[in-house]
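Q: The structure is given below, and queries will be raised subsequently.
Just so it is clear, none of the values below were taken in a lab; they were calculated from the coordinates. Nothing here was measured: the structure is a model prediction, and the numbers come from that model. Cβ sites come from the backbone with ideal geometry, for glycine too, and all protein chains shown count toward neighbours.
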Amino acid sequence: MVSDKPKFFGRRKGRIIRKAKSFLLENFLPRIRVSTDKKLDLKTCFPEAKDGYCLEIGFGDGEHLASLSQKMSQFGFIGVEVYQNGVANLLSLITGLKDGNTSNLENEIHLLADRADNVRVYDDDVRLLFSLLPDAAFDKVYLLFPDPWPKTKHAARRFINHDNLQNLARIIKKGGILQIATDHPVYKTWTLETMRTNKDFIWTAKTSNDWRYPPEDWCETKYQRKAIREGRKPVFFEYRRL
Ligand SMILES: C[S@@+](CC[C@H](N)C(=O)[O-])C[C@H]1O[C@@H](n2cnc3c(N)ncnc32)[C@H](O)[C@@H]1O
């Protein structure tokens, strides 16, 4: 049911994944992986989600997704990430299973049952998932520190583009939010310019404090910390679906 594979330019795998995380990829990911054999029914995926649904695209190490899904336990969260080491890290965060506290992994299996049940994962390119996501389904979509592809010759690789915005406009509810964060000057300008001419979304900022600081309940991501360490200032652009 998934569409033809678009070309993906990022990394799919990094350093060797250690024992506990490999165990989670093998034994836990299949339990929470989004099934792609038919159109997704979010009510079936998240029978307990009373307040709505969120999507995080390119969740990296998953800190933001893990933290938000705990704080907003009445929402169902779909996280999408191509990078296997990042997926493994998210699984570790939401189950509490870590390397170092696992003499016998089979004994730790109860942790998998205890974890919050409001996270599902798609461990591939989100562009393959779009056609399976229902219309006007999400209250909020997060795109945090997307790869900036700053060179002009790579501009076509930037995630904020016409096709992806069309898909996002279709799956976000009217009044729902597209939250974008970036620390890269080229991507800041690119996002503002691309979104300015987009008819489906409106920038919600009223004062500069609205984009200089993250929204309440924010959890710092790995790339956000890296940007701050290296002296770059992240910005937080919030767009409302019209
Ligand atoms: C610069 S990293 C930021 C990770 C994380 N959001 C953070 O702030 O730490 C961008 C992430 O987006 C993921 N990514 C890029 N394009 C993607 C796509 N089309 N589908 C799913 N994930 C994607 C990459 O694998 C990478 O982990």
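Q: Long-range amide H contacts for residue 201: which residues qualify at under 5 Å (H placed 1.01 Å from N, peptide plane, sequence gap of 5 or more or a different chain)?
A: Those lying under 5 Å, H to H, from residue 201 are 242.
Q: Another question, then. Using a Debye calculation, one point per C-alpha and no hydration shell, please list log10 I(q)/I(0) for the range 138-242 at q = 0.12, 0.20, 0.21 Å⁻¹ in order.
A: The computed values of log10 I(q)/I(0) come out as -0.38, -1.10, -1.20.
Q: So if I place +1 on the C-beta of Lys and Arg and -1 on the C-beta of Asp and Glu, and nothing else carries charge, what would the dipole magnitude of the range 138-242 be about its Cα centre? I want it in debye, nearest 20.
A: 240
Q: Would you work out the charge dipole size for the chain about its Cα centre, treating the Cβ of every Lys and Arg as +1 and the Cβ of every Asp and Glu as -1, and quote it to the nearest 20 debye?
A: The dipole magnitude comes to about 880 debye.
Q: If the chain were replaced by its equivalent ellipsoid, with semi-axes equal to the square roots of 5 times the Cα gyration tensor eigenvalues, what would those be, largest first, whole Å?
A: Listed largest to smallest, the semi-axes of the chain are 29, 21, 18 Å.
Q: Return the percentage of antiparallel bridges among DSSP beta bridges fully within the chain, rounded to the nearest 5 %.
A: 30
Q: While we're looking at this one, here's another question. Of all GluC sites (Glu not before Pro) in the range 1-86, which ones are in loop regions per DSSP and have a Cβ with at most 11 other Cβ atoms within 10 Å?
A: Counting only loop positions with at most 11 other Cβ atoms within 10 Å, the GluC sites (Glu not before Pro) in the range 1-86 are 48.
Q: Find out how many positive minus negative residues lie around residue 99, taking Lys and Arg as positive, Asp and Glu as negative, among other residues whose Cβ is under 9 Å from that of residue 99.
A: +4
Q: Which chymotrypsin sites (Phe, Trp or Tyr not before Pro) in the range 1-42 pass both tests, a DSSP loop state and at most 11 other beta-carbon atoms within 10 Å?
A: Passing sites in the range 1-42 are 9.
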